[in-house]
1. Please enumerate the residues belonging to region B:82-108 that are part of a loop (DSSP other than H, G, I, E, B) and surrounded by fewer than 17 Cβ atoms within 10 Å (Cβ to Cβ).
2. Kindly list the number of the only condition in (1) within 23 Å of residue B:303 (Cα to Cα); (2) in contact with a helix residue (DSSP H, G or I) (Cβ under 8 Å, 6 or more places away or on another chain); (3) surrounded by fewer than 24 Cβ atoms within 10 Å (Cβ to Cβ) that fails for residue B:393.
3. (1) within 12 Å of another protein chain (Cβ to nearest Cβ); (2) within 21 Å of residue A:149 (Cα to Cα); (3) in contact (Cβ under 8 Å) with a residue 24 or more places away in the chain: which one isn't true of residue A:113, the others all being true?
4. Filter region A:87-99 for residues that are under 13 Å from residue A:70 (Cα atoms) and more than 10 Å from chain B (Cβ to nearest Cβ) and give the result.
5. Taking the options B:19, B:41, name whichever one is surrounded by 13 or more Cβ atoms within 10 Å (Cβ to Cβ), assigned to a loop (DSSP other than H, G, I, E, B) and touching a strand residue (DSSP E or B) at 6+ places or on another chain (Cβ under 7 Å).
6. Would you say residue B:426 is farther than 20 Å from residue B:492 by Cβ, surrounded by fewer than 24 Cβ atoms within 10 Å (Cβ to Cβ) and in contact with a strand residue (DSSP E or B) (Cβ under 7 Å, 6 or more places away or on another chain)?
7. With part of a strand (DSSP E or B) and either surrounded by 17 or more Cβ atoms within 10 Å (Cβ to Cβ) or more than 14 Å from chain B (Cβ to nearest Cβ) (or both) as the only criterion, which of A:135, A:102 stands out?
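The values are calculated or read from the model by the stated rules, or taken from the named source; none is laboratory data. Everything quoted here is computed from the prediction, not taken from an experiment. Don't worry about glycine lacking a Cβ; one is built from the backbone with ideal geometry, like all the others, and counts go over all protein chains shown.
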């Protein structure tokens, strides 16, 4: 089979003027000057719309009295594909099972949201949040207090009015 | 044979001895009929009603745990009738059983969870509130969560039939019935009550020691041998994060049946100690420096070559046969000498009345029989102290393996021309040692123990040894090989084979033949030795 080759005939520089191309380019520039189309977003003053399925850094839900909802069942560290959750169970002064240690390494986390999906008590959630900046790496290991302090909303994948999606 | 009957279970024809229950016969064709109240070590009240199977010709489903097989019987364990029956029974269990699996310690190893998952209804139909008992402290190591109880009464029967100390009973009737202790006495003072936590099919009885500590599916189970006494109970070490989280009995009808005592069950903290020797230490006067194995072993051999006056060694009856055999071989290679060991003895045996061959023995070391077979002599008192005067004043080579030397001063071994201490911790008694060599514990190495009746039983490593710690048989074997120019045993089976060639009692046993039930050594061992 013969190979077809497309031969490009470029104008020879000594017989052509660049003026026409330059003028059409400038026309576009001036058109934008009088009729601007804004594409630059003034972040962080203006915030981006997040996708409804956005999964960001975690939030731990709390009871009305400030206790974490987590019962240290151990399902999230079990299901976590990135192995980023560390959990040590214990008992609080009222005899309830609760996490003595609950740490999520947000660097290791791949934000799959399976921890939220598997949680039987709707305690851990991935959040609608993406701005994470710290001065040290170890600040990205969120402990229980930090997870409870997070004030950004949970992901829209979870509907608090229908917590178990039934 | 006249006393064999033919029976068909799920289409499999098999011959079993007369008197076998359908449940046990079904195990032989690989079918585990779901059950709660039945336990092979106790009587069967047939009250859980879960093991009902479909027997052809019988008008009603039969409880397979008490129905013995009959000739020509045809049993279906998976027929529609049997499955529908089990599904119904399981639904009744869930009328009152709380769905608190996330906070239940049994979750992951719970029979109710498994059976409902496999054969139960997909959706519950119960709308009524469940009865609530809360939890009760039964004393000892046991917590009782009454809500989760399925009233199989295994715990009551264990205490009355096996431990034969009636501490538990069923109070109230029907829906309100619950397991309880007598007054405030509880289980305190009993020595085998940990077993009721094991046999509880659900999370009603849980161990205080293990409460909320780890999830069942996170634990790695390693077959091992209990080191608390010379009975040699078969155990499983349940580990997570390189720590032993709990000890459970492993079935061996020849030794411990299904049971272990509470002493052995809770004797694991020493395996988790963090303050371990991690590198060989070479000492010169008051200075001590960490060194590599090569330099340390070279130093030991040079020291041994330069010293005269014979060898004295202290062994430990807590060391494996391989360790002791390697020590014996090294002492012989260095010119021979006496090896002594010390071991603690309790005042009394603690028998388990319902299982006559099992007791917590007086002899509290796991391998005294092994040490005796290697020609080592026991010295000192019943509290494992004293008796080391001969070694302390010895002027030749002194080797200590495993003994913690709690009762000797820091000047122990000062007179020796070479003092080598092999241990897990840097103890005061090793202050004068020229070389302190880190060795692995029983939980970190592979090997065998010889129990009081001469049964050689294998254990496997459950933990990672810290730093440069190595099994003692490897260290001692390397020294012997260097000294004699022979081969070195690099694996525990090799070390055991080498042991067989030096100690006649072990020569008839192959490491691979020991299996899960152990093998008895050739020499007859006195059963009244302790």
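1. Just the residues of region B:82-108 that are part of a loop (DSSP other than H, G, I, E, B), to begin with: B:97-100, B:104-108.
Listed by number, the residues that qualify are B:98, B:99, B:100.
2. Of the numbered conditions (1) within 23 Å of residue B:303 (Cα to Cα); (2) in contact with a helix residue (DSSP H, G or I) (Cβ under 8 Å, 6 or more places away or on another chain); (3) surrounded by fewer than 24 Cβ atoms within 10 Å (Cβ to Cβ), the odd one out for residue B:393 is (2).
3. (1)
4. Within region A:87-99, A:92 is the sole residue that qualifies.
5. B:41
6. So residue B:426 passes the test.
7. Answer to the check: A:102.
Listed here are the residues, each with its yes/no results for (1) outside the structural domain of residue B:441 (by TED's automatic domain parsing); (2) on the phi > 0 side of the Ramachandran plot; (3) part of a loop (DSSP other than H, G, I, E, B).
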position	(1), (2), (3)
B:264	yes, no, no
B:267	yes, no, yes
B:271	yes, no, no
B:275	yes, no, yes
B:288	no, no, no
B:295	no, no, no
B:298	no, no, no
B:304	no, no, no
